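Engineer: Please see the structure below; I have some questions.
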Amino acid sequence: MRRPTTSAAEPVRAARGARPALRLSLQLADGRHRASLARTAVARWIRAALARPAEITVRVVDEVEGRALNRDFRGQDHATNVLTFPYATEPVLSADLVLCAPVVEREAAAQGIALAAHYAHLLVHGTLHAQGFDHLRAGDAKRMEARETEILAGLGIADPYAR
């Protein structure tokens, strides 16, 4: 991956509340949700969760690839909604986020929410994981969920934990 470039204007943008720089690679191995995953929307959702410049690859996969990745890297023999593969946090965050389209679609339908809103939530969730957030312990889960809710509210998306 190439590192994002910075300019003399970077501190000025940061001072005005601008989001950190993002180098995004969007791969739609399963393109069924292309309309819900416009590059500009995906970048906006991820930037909202970033605390530092980042290089992030988002790959949307089918159930077969999602299951294989979850099995090989987490020992879980089923597809899951989002997997986060963090590589570095300093000086630039570097991570891959893998979303399984069929799982995301089923979850959105079961929760009665828009597909794009669920993708936004999972991308924010994965981006926070890449920055060290976790939800294995109750206190950590509470902090992570609160941060997700705050970020999603800023994007105009309802609290996913209020359902």
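Engineer: How much mean residue ellipticity at 222 nm does the chain get from its helices, if each DSSP H run of length 4 or more adds -39500 (n - 2.57) and you divide by all residues, to the nearest 500 deg cm²/dmol? Each step should come with its number before you reach the end.
Structural biologist: Numbers: 6 runs with 73 residues, N = 163.
The helix contribution divided over the chain gives -14000 deg cm²/dmol.
Engineer: Quick query: amide H of D96 versus all other amide H atoms, modeled in the peptide plane; which residues come in under 5 Å with a sequence gap of 5 or more or a different chain?
Structural biologist: Counting only residues 5 or more places away or on other chains, the set is T57, F85, Y87.
Engineer: Got the relative contact order for region 60-163 handy, in percent, Cα pairs under 8 Å and 6 or more residues apart? Each step should come with its number before you reach the end.
Structural biologist: Numbers: 133 pairs, mean separation 21.5, N = 104.
Relative contact order here is 21 percent.
Engineer: Just to be sure I understand the model, the point goes 7 Å from the Cα along the line to the Cβ. What's the resulting R39 to L24 distance in nm?
Structural biologist: Taking the simple label geometry, R39 and L24 are separated by 1.0 nm.
Engineer: Using a 1.4 angstrom probe with every protein chain in place, what is the largest-first accessible-area order of Y161, Y119? Don't skip to the answer; put the middle values down first.
Structural biologist: On the way: Y161 90, Y119 0 Å².
Output order, biggest surface exposure first: Y161, Y119.
Engineer: I'd like the accessible area for D140, computed on protein heavy atoms only with a 1.4 Å probe and all protein chains in place. Round to 10 Å², please.
Structural biologist: 40 Å²
Engineer: May I ask what percent, to the nearest 5, of DSSP beta bridges between residues of region 33-163 are antiparallel?
Structural biologist: On the way: 6 of 14 bridges.
For region 33-163, the DSSP antiparallel bridge percentage is about 45.
Engineer: Can you check what the net charge comes to around E145, using other residues whose Cβ is under 15 Å from the Cβ of E145 (Lys, Arg +1; Asp, Glu -1)? Present the calculation step by step, with values, prior to reporting the outcome.
Structural biologist: Details: positive: R137, K142, R143, R147, R163; negative: D134, D140, E148, E150, D159.
Charge balance near E145 sits at 0.
Engineer: Just one of (i) 35, 27, 16; (ii) 33, 20, 12; (iii) 25, 18, 16 is semi-axes √(5λ) of the Cα gyration tensor in Å calculated from these coordinates, so which is it?
Structural biologist: (iii)
Engineer: Further, regarding this structure: On full extension of the chain, what length is gained from Y87 through A114, given 0.36 nm per residue of separation minus the C-alpha to C-alpha distance? Can you show the working numbers first?
Structural biologist: Numbers: separation 27, 0.36 × 27 = 9.72 nm, distance 3.08 nm.
Computed gain between Y87 and A114 is 6.6 nm.
Engineer: Now a separate question. Just to check I understand the Karplus step: with θ = phi - 60° and J = 6.51 cos²θ - 1.76 cosθ + 1.60, what whole-Hz values come out for region 146-163, glycine and proline as x?
Structural biologist: 5, 5, 4, 4, 4, 5, 5, 4, x, 9, x, 10, 4, 4, x, 9, 8, 6
Engineer: Turning to a different aspect of this structure: Take peptides 42-53, 96-107 and line them up by average Cβ neighbours within 10 Å, highest first, as a rough protection proxy. Kindly include the intermediate steps, with their values, before the conclusion.
Structural biologist: Values: 42-53: 19.1, 96-107: 21.2.
Sorting 42-53, 96-107 by mean packing, highest first, produces 96-107, 42-53.
Engineer: What list of ³J(HN,Hα) couplings, whole Hz, do you get for region 126-138 from phi and the Karplus terms 6.51, -1.76, 1.60, once you set θ to phi - 60° and write x for glycine and proline?
Structural biologist: Coupling constants for region 126-138: x, 5, 5, 4, 4, 9, x, 5, 8, 9, 6, 9, 4 Hz.
The values are calculated or read from the model by the stated rules, or taken from the named source; none is laboratory data. Because the structure is predicted, anything quoted here is derived from the model rather than measured. Here Cβ is always computed from backbone atoms with ideal geometry, including for glycine, and neighbour counts include all displayed protein chains. Side chains are part of the model used for accessible areas, which takes the heavy atoms of the whole protein and leaves out ligands, DNA and RNA. Shrake-Rupley method; radii C 1.70, N 1.55, O 1.52, S 1.80 Å.
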